[in-house]
1. Would you say Asp130 is more than 25 Å from Leu240 (Cβ to Cβ), crowded, with 16+ Cβ neighbours inside 10 Å and of a type outside the set (A, V, I, L, M)?
2. For the range 333-380, which residues satisfy the criterion of being of a type outside the set (Phe, Trp, Tyr), assigned to a helix (DSSP H, G or I) and touching an Asp or Glu at 6+ places or on another chain (Cβ under 7 Å)?
3. Checking the conditions here, which among Asn160, Asn175 is closer than 21 Å to Leu225 by Cα and either among the basic types (Lys, Arg) or touching a residue at least 40 places away in the same chain (Cβ under 8 Å) (or both)?
4. Could you run through the range 258-287 and say how many residues are under 17 Å from Phe366 (Cα atoms) and small (Gly, Ala, Ser)?
5. Quick check, is Pro370 within 23 Å of Tyr212 (Cα to Cα), surrounded by 15 or more Cβ atoms within 10 Å (Cβ to Cβ), in contact with a Cys (Cβ under 9 Å, 6 or more places away or on another chain) and not polar (S, T, N, Q)?
6. If a residue must be more than 27 Å from His243 (Cβ to Cβ), among the β-branched types (Val, Ile, Thr) and over 17 Å from the mean Cα position of the chain (by Cα), how many such residues does the range 151-207 contain?
7. For the range 92-124, which residues satisfy the criterion of being acidic (Asp, Glu), closer than 15 Å to Val198 by Cα and touching a strand residue (DSSP E or B) at 6+ places or on another chain (Cβ under 7 Å)?
8. If I filter the range 210-265 down to residues being in a helix (DSSP H, G or I) and among the acidic types (Asp, Glu), which single residue comes out as surrounded by the most Cβ atoms within 10 Å (Cβ to Cβ)?
Amino acid sequence: MIQEKSILYRNGNRCRSWLDLIFQACTTISLLYLVIKVSILAMQANTVFDAYNSMIKVENSSSSVKKTFHGFPSNRPLIIAHRGSSGMRPEHTVAAYQLAVDQGADIIECDLAVTKDLKLVCSHDAYLNDTTDIHHHSVFKNRVTTYTIGGKTITDYFINDFTLAELKTLKRVQNRPYRDQSYNGLFQIATFDEYVAVAKFATTGDRVVGIYPETKNPVFFNQFLAINNTTMEDLLLASLYKHGYTSADSPCFVQSFDEQSLLYMANHTKLPLIYLTSTRPSSEHLNQLSTFCYGVGVSKNIIVQVDPTTNEIVTNTNFLKTAHAKNLKVHAFTFRNEHQFLAWDYGCDSYREYARFTELELDGFFTDYPWSLANFQQGD
């Protein structure tokens, strides 16, 4: 009897081992298929227009900003996947963007950085140590540099000092320790072309998935790009033109914290522009922004004021009504499910936060968890 049990136990282990192998193989094949389809779409776009060796061919925008927007739902706030589904996968990876699309995101967001060889990649920071495994790559150990960005001196590995080929040897990691670390070291930094390809592949006859690129730290990058007679804005607009994003109705918002960056692009594209800010703009400033921007992206605390000492809600402000009266759409950042990002009034329930902002008529949520927002909107 003991021998029979032992044989059954060993056979059961073999079955589980084979099942594990089959599951791993299926997962690998699925990921490989995704990478291949994204690469094909990116290569197809490259045959249309070489963004790095051609001039930007876009018409100047008109003085009035068109406020209609093609393809997105108008009966609810937009689900904007902040850096992809970054609460569940390492940010700014094809995997994070694809998961966001699968979870119901209307738009996927990409912060831009520029490589040494003038390629656009998706990265929130200009430096690499926090969100990649670069410190494990001994070949790059002498590539640490010190730069000043926005008045802050930083010593790190910087994207502008690496070619795209070099960056592709790195893998992304989850930089928030309270989130799932099991996907660390699996995914590469996404290029802008790969990011766009995810959105385009997901866009079908009955669904539009938009993109939301940001000129991040343009002053920093443009000081290096000047020797090549180009700017971050030029590279972005050329790439958008290449991919077919050229009109006011294209499923694309272009965002920046840098107002001068937006003003430059306003003279070179009809695409809707979003001014980002963590402080409340004055009424006069909103008037100025309304002449060339589609909307504003603001910290959620500008809309619902929370006391930082007690973490309790103080009041709903009148910002949304003020901005809407000036014909500006409003998207708010950043909505996260973890309790430390929720006011005590919500009882650690992100649905209650979504409900409050929806009742106030917010136009779009930047969220790290597009799935939870989609479930909330569907009543699940």
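Read-outs: derived from the displayed coordinates by stated rules, not from any lab. Just so it is clear, the model here is predicted, and its values are computed rather than measured. All Cβ positions, glycine included, derive from the backbone under ideal geometry; neighbour counts span all protein chains shown.
1. no
2. Scanning the range 333-380 gives a single hit, Asp345.
3. Asn160
4. The total comes to 1.
5. Judged against the criteria, Pro370 is not a match.
6. Total satisfying the criteria: 3.
7. Within the range 92-124, Asp106, Glu109 meet the criteria.
8. Glu233
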